[in-house]
Structures are given as C-alpha cells and as structure tokens.
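Encoded as structure tokens, the structure appears first; notes follow it.
Laboratory data are not the source of any read-out in this text; all were calculated from the coordinates shown. Because the structure is predicted, anything quoted here is derived from the model rather than measured. Because the Cβ atoms are built from the backbone with ideal geometry, glycine has one as well, and the counts that use them run over all protein chains shown.
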Amino acid sequence: MALIETDQLEKKYEVGDSIVFALDKVSLQISSGEFVAVMGPSGSGKSTFMNVIGCLDEPTAGRYLLDGIDVSQMNRDALAEIRNEKIGFVFQGFNLLSRTTALENVEVPLLYSKHIPKDRKDKAREALKLLGLEGRQHHNPNQLSGGQQQRVAIARALVNNAPLLLADEPTGNLDTKTSIEIMELFVRLNEEKHITIVLVTHEPDISIFSKRIIRFLDGKIISDQENKP
Amino acid sequence: MINLPSTIKISLRALRVNKMRSALTMLGIIIGVGAVITMLAVGKGASNKISEQIATVGSNLIMVMPGSTTTSGIRLGSGSFQNLTRSDAEAIKNECSSVATTAPVINGSAQIVYGNQNWASIVYGTDENMLEVRDWTLASGRNFYEQDIRSATKVCILGQTVVDNLFGNDDPMNKTIRIKKIPYSVIGVLASKGQSMMGQDQDDVIYVPISSAQRNLFGRFLPGTVRQIMVKAKSAEELERAETQIKELLRQRHRIGPNQEDDFTVRNLTQMMQMAEEASRVMSLLLAAIASVSLLVGGIGIMNIMLVSVTERTREIGIRMAVGAKSWDIRTQFIIEALILSLIGGLIGVILGIVAAELLSIFAEWTILISTFSILMSFGFSGLVGIFFGFYPAYKASLMNPIDALRHE
C-alpha cells in the first residue's frame, strides 16, 4: 500500500509578475517500507517537495494522500497533528532545543500528542537506547558531537512510532565517517524497523544507501529509478 | 492538550537563561504591585482613622440648634434664639420613631478651681442621656440619676483633661470642685476619647445636670430653654428619616406656617463625617489608581520582553511546530511564561508592599491597614496583566510559519 501518494501536486510562487513553479504537477507513489533518496540541484524543488510531503507546507494544487488520508486541504492545526503522529523529521542543522537535555529533546513530540503517554520518559529513554545514546541522556546538545546530536534528532523522529521519516540533508553538517555511520543507521532502521525513509540530498555518496532515487529539476521529476548497487 | 507541568518547566528554564532580563521585567510588576498595596494600606488606614474618630463623637448623631434672631435689624448668628426647650427634646425622643434618645445641652465656659489649681473649661449642662448619645463610657464613678436632673443637684462628671489639670495624680472621686465659685461634687470621670477630627480636645469637658447649670452657672438661659439638642438616631440607615421627623415635629411644635422658614437648624453630624470618610476613600482609590498605572507600565515591559523572547526563539518555535505543536500549544507556552513572570513579580511585590507599608507605619507613624482583599486584588491583577500583555507576543508566535521559523538564524 502506498504510504505517500501525490497526484498532480503543484506549488507555485508569484515573484513579481512571473510565476515560479517549485512543484510542477508531481505525481508519484512511495510505498510503505521504501528508502527513497530525493536528489537535485538547489532550486530544483526537492526541498519544497520535502516540505509538502512533510505537511509543513501546503500545495497550491493537486492532491496528497498520506497513509490514505487526504492532507492537501487540511488546516494548520490538523497538519500539526498529522506531523506529530505520522512523520519524524531529521534536519541538516539537527534542530535540537538548546539548553535542553537529550532525553527532554526526544520527549518533545510526546508532549504534543493527542494523549500524552504517562511513560513518556521511558519511551524517550528507549529511543535513545536504540541509537546507542543511553549514557548521554542528560547531556545538553552543546555537550554532544555532531553525530551524537543527529542521533538524538533521529531518536526524536522515532519516539512517536511515526511510519515516515523525512531527512533533509541529514549528513550535511557531518564529516564523512560520521555521515556513513548515520546512513548505516538509516539503513538499519529501514530494514529492521520497516520505517519508510525519504531522504533529500545532493551528494551521490549519500544517495547510494537508498533503494530508490528520484531526481528533480525545475519542479519536475526527471528520473525515478531503483538504486542498484 | 498541552502538558502543564512540563510547559511550566520549559518557561522557568527560558526565564532562568536570561536572569537579568527576567529580573528587570519583573521589577516593573514588583513596583506596580508593591505601590498598589502600599497605597491601599495607607488610604485604608486613613479612612479607618476617620471612622474611629466618627465613633468617638458618637454614632448616628444629629444636632438641633435654635435658629437665628434679629434684634433691631441686627441678625445674630445661629443659636442666638432661645426657642428650643427641654420639652422639645423630650418630644423628639418620644414621638420620632427613628430616634433612639436625646440629650438637651446648655453650655458655656467657666473657671474651675480645686485646691490651689484652677482651669478653664467648657461646662455642659445636660441630662443622664448624654453618655448614651455620645457613646461615652465612664472610667470611674456613675452617671447622673434622673433625680439629679430634676432636683438640680450640684454634681459633675469630669473629662480626662480636666482631671489631669486639676487633680494631677489625686483621685477626683467625691472631691468638691468649684465651678464659677459654686461647689460641685465629682461623681464620675469619663473615659478618654482623644482629639476630635477638628483637632479639639474632646476630653476637656465637664458635665453637670442641666437644671443646675441653668440655675447656678448660666443664668442667661431662660429656664427650660436649651442651646442645642443632641439626638441619636436608631441606626445609620434611619439618620435621614430621623432628620425629617425632627423637622416636622419641631415645625408643628413651634407653630410654623407652611411658607415660613424653620426657626431652628438640624445638622447631621454623622453625615458630614461620612462625607469626610468618603472623601478619604476616594483619595485612597485615586492613589491606588495612580499606583496601578505603574503596574500597567510593568505589563508593557512584559510585552516588550516577550516579543524579544519570541523573536529569539523563533527556531525553537519552528522545531516545536515541526514535531506537532499546534498554535494553541505555542500560544499557551508563551502566555504561561508571561504569567510566571508577572505572578512571581506580583508575589515579590506583595511582600515588598507590605514591608513598605509597615515601615511607613513605624517610621512615619502613619496609620495603615493591609487588607487581605487588597493583597488578593493586586496579586490577581498582576496575573491579569501577565495574560493580557503576554497574549499578543504569544499570538504572534503561534502564527509563525514552521518552515520560515526553522530556517531562522
């Protein structure tokens, strides 16, 4: 079953007199359990695509079904709820709350769920343990290395058991060795936990970890193929 | 639904990060709340003091005096007409339903002698109802008997000042003093009342039976006439009705036609003093209003800092929104932060206000009264200020676009 299904998805910006299509009639399907890399040069629309399927941005036209739910016409608060339940984000800049411990950072999505779980500390601890950070629970982000920070962010993305993990240049701020560690982590999560991963990157070295590569240019998909090692 | 304890924790942490800034913001509220509490305490103290003084004059008091008279074209002042009588006083007491009791008065100043001491004071000729009318108790001795009034006994009741000046440390009871050279026996000493509102010494008095005063001391008053009648109404609510009843009764008794003016004046003492009390109450409210302006300014300080805080934490807001915070969650977080600022400030302000008021009462010797109501009110008001001025920054935060907020540097 398709976890992500877009139909003629369109996002346009009006810049002065001209209209720029950041997304130009994008139709695609991503099934549950896939590991997709979205590639393209800057300005190709891959980030906009990411924001729209991440429910951070609304399309100007077209339909978007996430897990069978049409989210293209939802309001802000409904989208926030969808993000909370269905999507985990991993960003290039980690985006952890400063002056907040790793454990509390991981706990944040649980605080905004419809039913705040009583055992949220345990859940957060479990997620950190899964990423090998059990000894770092009470460290603040500035006491952690880049790789560790990114793993805290991944733990935060996983803590709500969201089926979809969106990673926007997750290795952009990391060195090569750590990048590979993080990517191997994604592969493991995809294979062992069957989490669907959509990864935006412009580095070919990173995209090789995925199973399918979609290339964007000028808001259109120019290629969509399986990644054969 | 947002989790309250963790939101409070988040807010406290955010406030701790900028200790100096939070403290200065709170200072606005602290000063505001402190000022309101101090002003209310001082104002309440003042109006309370006035109430106490009203009580020393006697509560629910009405004074009836003769009107003015004209002698060969010269108009004499009020009280110059000797047309009020003791039977008028009796009639008022018996026929006016709103009147509790009355006391007739003739008075004049006289030199009093005891042993080798002498002292000038005001001598009041009155009857046994005087003490009740003026809510006055005796420190020692007894009140007049009805018989003393009827048979013009030469007995007197002294005020504390007179006792101090004539007797020093001696016991005045049953001693004989001379008023205008006439010997009077002391049968009672009044409890001290202190100064009146006008600054008069209320204890500088001597009471003697009215009959005896007329016969022996103040012969210029015709027998039976009085200089004033003091009336005590049954209650504060019945003061006005009593006043009307007295006027009607006296007009009838003095046979005054429908178009003629009263030949007497009725003064409602208590009402006058209630007006003074009201004035001081308005004054204290005014003071509190001025003080609450500073509370408002403190609120603006909160708003200012919250706006800065929202801008500084744009990225945090973006992160929270990305992981599922709704507008309401963000709004609540910032309102709670403003509320915490203002409530902590309010709490410190309450303590400081109480301390300041106490210091005023100790060093400046002002009468103060700190009421629970004023504490609760100013504390509650500080909370309202927090919510009111925190709302706009919080609302602004909740409207942020998560994508832009995440990209914010």
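Worth pointing out:
- Expressed in units of 2.2 N^0.38 Å, where N is the residue count, the Cα radius of gyration of the stretch B:134-242 is 1.18.
- DSSP-defined beta bridges in the stretch A:102-229 - what % are antiparallel, rounded to 5: 55
- 17 Å reach of a label modelled at B:N116, 7 Å along Cα-to-Cβ, counting backbone N of the stretch B:149-168: B:165-168
- Efficiency of FRET between A:N142 and A:E58 - r from beta-carbon atoms, R0 45 angstrom, step 0.05: 0.85
- Extension gain for the segment B:E261 to B:S140, taken as residue separation times 0.36 nm less the Cα-Cα distance, is 39.1 nm to one decimal.
- Put simply, the protein assembly as shown fits an ellipsoid with semi-axes of 94, 25, 18 Å; these come from the alpha carbon gyration tensor as the roots of five times its eigenvalues, largest first.
- Sites listed here are trypsin sites (Lys or Arg not before Pro) in the stretch A:1-109 whose DSSP assignment is loop and whose Cβ has at most 10 other Cβ atoms within 10 Å, and the list is empty.
- Ellipsoid semi-axes for the stretch B:5-72, based on the Cα gyration tensor and the rule √(5λ), read 60, 14, 9 Å when sorted largest first.
- Net lengthening on full extension, B:V17/B:H254 (0.36 nm per residue, minus Cα-Cα): 76.9 nm
- Over the stretch A:80-148: Kirkwood hydrodynamic radius from C-alpha pairwise inverse distances, Å: 12.7
- With 10 Å bins beginning at zero, the pair-distance distribution over Cα atoms of chain A amounts to 8, 33, 36, 19, 4, 0 %.
- Look at where the Cα atoms of the stretch B:277-341 and of the stretch A:110-126 average out, and the two centres are 30 Å apart.
- The HN-Hα couplings worked out from phi for the stretch B:302-313 by the Karplus form 6.51 cos²θ - 1.76 cosθ + 1.60 (θ = phi - 60°) are 4, 4, 4, 5, 5, 5, 4, 4, 4, 5, 4, 9 Hz, whole numbers, x standing for Gly and Pro.
- For A:S32, nonlocal amide neighbours, meaning residues 5 or more places apart or on other chains whose placed amide H falls under 5 Å from its own, are A:L3.
- Viscosity 0.890 mPa s, temperature 25 °C, Stokes-Einstein D of the stretch A:1-42 from Kirkwood C-alpha radius, µm²/s: 201
- Computed from backbone phi, the HN-Hα couplings of the stretch A:139-156 come to 8, 7, x, 6, 9, 10, 6, x, x, 5, 4, 5, 5, 4, 4, 5, 4, 5 Hz, rounded to whole numbers (Karplus: 6.51 cos²θ - 1.76 cosθ + 1.60, θ = phi - 60°; Gly and Pro given as x).
- The order of the peptides B:341-353, A:160-172 by mean Cβ neighbours within 10 Å, most packed first, is B:341-353, A:160-172.
- Reciprocal mean inverse distance between Cα atoms of the stretch A:112-153 - Kirkwood radius, Å: 11.1
- The average projected area of the stretch A:100-229, computed from the convex hull of its Cα atoms over all directions, is 9.1 nm².
- Nearest 10 degrees, 0 to 90: helix B:372-398 Cα axis against chain B principal axis: 30
- Look at where the Cα atoms of the stretch B:222-262 and of the stretch A:166-186 average out, and the two centres are 101 Å apart.
- Taking every C-alpha pair closer than 8 Å and separated by at least 6 residues, the mean separation divided by the residue count of chain B gives a relative contact order of 29 percent.
- Phi-derived couplings, Karplus 6.51 cos²θ - 1.76 cosθ + 1.60 at θ = phi - 60°, listed residue by residue for the stretch B:252-261: 5, 5, 8, 6, 9, x, x, 9, 8, 7 Hz, with x used for Gly and Pro.
- With viscosity 0.890 mPa s and temperature 25 °C, the Kirkwood radius over alpha carbon pairs of the stretch A:40-163 converts through Stokes-Einstein to a diffusion coefficient of 158 µm²/s.
- Among beta bridges from DSSP that stay inside chain A, the antiparallel ones total about 60%.
- Normalising the Debye intensity of the stretch A:1-92 to I(0), with uniform scatterers on Cα atoms only, and taking log10 at q = 0.14, 0.20, 0.22, 0.24 Å⁻¹ returns -0.50, -1.03, -1.23, -1.41.
- With Cα atoms as the point set, the stretch A:162-225 shows a radius of gyration and Dmax of 12.1, 35 Å.
- Using the rule -39500 (n - 2.57) for each DSSP H run of four or more residues, divided by the residues of chain A, the 222 nm mean residue ellipticity is -9500 deg cm²/dmol.
- For the stretch B:347-392, diffusion coefficient by Stokes-Einstein and Kirkwood Rh (Cα), 20 °C, 1.002 mPa s, µm²/s: 181
- The simple spin-label model puts a point 7 Å past each Cα toward its Cβ; for B:L27 and B:E132 those points are separated by 6.3 nm.
- Across chain B, Cα-Cα pairs farther apart than 40 Å form 46% of the total.
- Reciprocal mean inverse distance between Cα atoms of the stretch B:210-275 - Kirkwood radius, Å: 14.1
- Relative contact order (percent, whole number), chain A, Cα cutoff 8 Å, 6+ residue spacing: 28
- Within chain B, helix-based [θ] at 222 nm, where runs of 4 or more DSSP H residues each add -39,500 (n - 2.57), nearest 500: -18000 deg cm²/dmol
- Distance from the Cα centroid of the stretch B:83-111 to that of the stretch A:54-77 is 92 Å (rounded to whole angstrom).
- Largest-first principal axis extents, alpha carbons of the stretch B:149-305, Å: 82, 57, 25
- Between 0 and 90 degrees, the angle of helix B:86-95 with respect to the longest Cα principal axis of chain B falls at about 50 degrees.
- Spin-label zone in the stretch A:20-62 - amide nitrogen under 15 Å from a point set 7 Å from the Cα of A:A2 along the C-beta vector: A:25-34, A:53, A:62
- Label-point separation in nm, B:E278 to A:K220, each point 7 Å along Cα→Cβ: 8.6
- Taking every DSSP beta bridge that has both ends in the protein assembly as shown, the antiparallel portion is near 70%.
- Other-chain or far-sequence residues with amide H under 5 Å of B:L138's (modelled H): B:A191
- Within the listed set B:S192, B:S327, B:S47, the Gaussian network model of chain B (springs between alpha-carbon atoms below 10 Å) gives the highest mean-square fluctuation for B:S327.
- Between helix A:176-192 and chain A: long-axis angle, C-alpha atoms, 0 to 90°, nearest 10: 80
- For chain B, excluding the exposed loop sites themselves (trypsin sites (Lys or Arg not before Pro), DSSP loop, at most 13 other Cβ atoms within 10 Å), the longest remaining stretch covers B:256-409.
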